[in-house]
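The values are calculated or read from the model by the stated rules, or taken from the named source; none is laboratory data. Only a predicted model underlies this, so the values are computations on that prediction, with no experimental measurement involved. Cβ atoms come from the backbone with ideal geometry, glycine included; neighbour counts cover every protein chain shown. The protein model used for the area step is the full one, side chains on, heavy atoms only, and it has no ligands, DNA or RNA in it. Shrake-Rupley method; radii C 1.70, N 1.55, O 1.52, S 1.80 Å.
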Amino acid sequence: MIARIVLTAALIVASHTPSEPAPVLTIGRLHYEGGGDWYANPSSLPNLLAAVKSRTTLRVATSEKVVTLSDDELWTVPYLYMTGHGNVHWSERDLATLRRFLQQGGFLHADDNYGMDASIRRELARLFPGEPLVQVPLDHPIYHLVYDFPRGLPKIHAHDEKPAQGFGIFLDGRLVVYYSYQSDLGDGWEDPQVHNDPPDKREAALRMGVNLFAYAVGFGG
């Protein structure tokens, strides 16, 4: 199979003419193996895409694409998102594909929905054994690209009452994996009546999601 580079918004802007609108971007929801509920928070990604559309100049779809690591559609999404409460497992073939996806410009956001922590840390250690999962510095663009988060990842749900933390894997200085821990952004993106979160919590979650998407597609960077 011919390797395909995931397009970033920066490349799109540079390559299209005024008579040729930029391609429509979307989020890939990762359907993974292991038993975890990869499908959790069904209203979250459409709401995030709506926020991206209304708050940036990016052309985005109204819904996500569900992809596996064996789908050709994987290579059409710049922002790969995964969530759940249970176990995550990647085969060696999955790991090789995901590794190539990230090396060629892709971005993975793993959003712990309370219960995924042990398995996602295990699988990320297998993904890039020589690249540790580290806390993302507070001055990183992901916290400032569209909205300013001087204290880092916002905390949306209580869970273990631990502080929200954003961890990442960097390749040649580029953040390719972002792991949102003890935050539960996906719950904050859902329809308001699902969790009855206070408006300020939901707004913080959406703002952080806009930053993540913008970073993934190279918007403003």
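Determine whether region 25-32 contains at least one residue that is more than 25 Å from His157 (Cα to Cα) and either at pLDDT 95 or above or surrounded by 14 or more Cβ atoms within 10 Å (Cβ to Cβ) (or both).
yes
Taking region 157-186, which residues are small (Gly, Ala, Ser), in a loop (DSSP other than H, G, I, E, B) and crowded, with 22+ Cβ neighbours inside 10 Å?
Ser183
When the residues of region 61-101 are narrowed to those that are part of a helix (DSSP H, G or I) and basic (Lys, Arg), which ends up farthest from Phe213 (Cα to Cα)?
Of everything passing the filter in region 61-101, Arg93 is farthest from Phe213 (Cα to Cα).
Return the total of residues in region 118-156 being at pLDDT 95 or above and open to solvent by less than 40 Å² (accessible area, probe 1.4 Å).
14
Is one or more of the residues making up region 56-73 of a type in the set (Gly, Ala, Ser), open to solvent by less than 50 Å² (accessible area, probe 1.4 Å) and modelled with pLDDT of 95 or more?
Yes.
Based on this model, can you work out whether Thr83 counts as surrounded by 20 or more Cβ atoms within 10 Å (Cβ to Cβ), under 24 Å from Tyr181 (Cα atoms) and in contact with a helix residue (DSSP H, G or I) (Cβ under 9 Å, 6 or more places away or on another chain)?
yes
Table: residues versus (1) over 25 Å from Ala205 (Cβ atoms); (2) without any contact (Cβ under 8 Å) to a residue 60 or more places away in the chain; (3) touching a Gly at 6+ places or on another chain (Cβ under 9 Å).
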site	(1), (2), (3)
Arg59	no, yes, no
Thr62	no, yes, no
Thr68	yes, yes, no
Glu73	yes, yes, yes
Val88	no, yes, yes
Glu92	yes, yes, no
Thr97	yes, yes, no
Arg100	yes, no, yes
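Could you please find all residues in region 88-99 being surrounded by 15 or more Cβ atoms within 10 Å (Cβ to Cβ) and over 19 Å from Leu185 (Cβ atoms)?
Within region 88-99, Trp90, Asp94, Leu95, Thr97, Leu98, Arg99 meet the criteria.
What are the pairs with Cβ atoms under 8 angstrom where one residue, in region 117-129, is assigned to a helix (DSSP H, G or I) and the other, located anywhere, is open to solvent by 10 Å² or more (accessible area, probe 1.4 Å) and basic (Lys, Arg)? Sequence gap at least six, or different chains.
Leu127/Arg99
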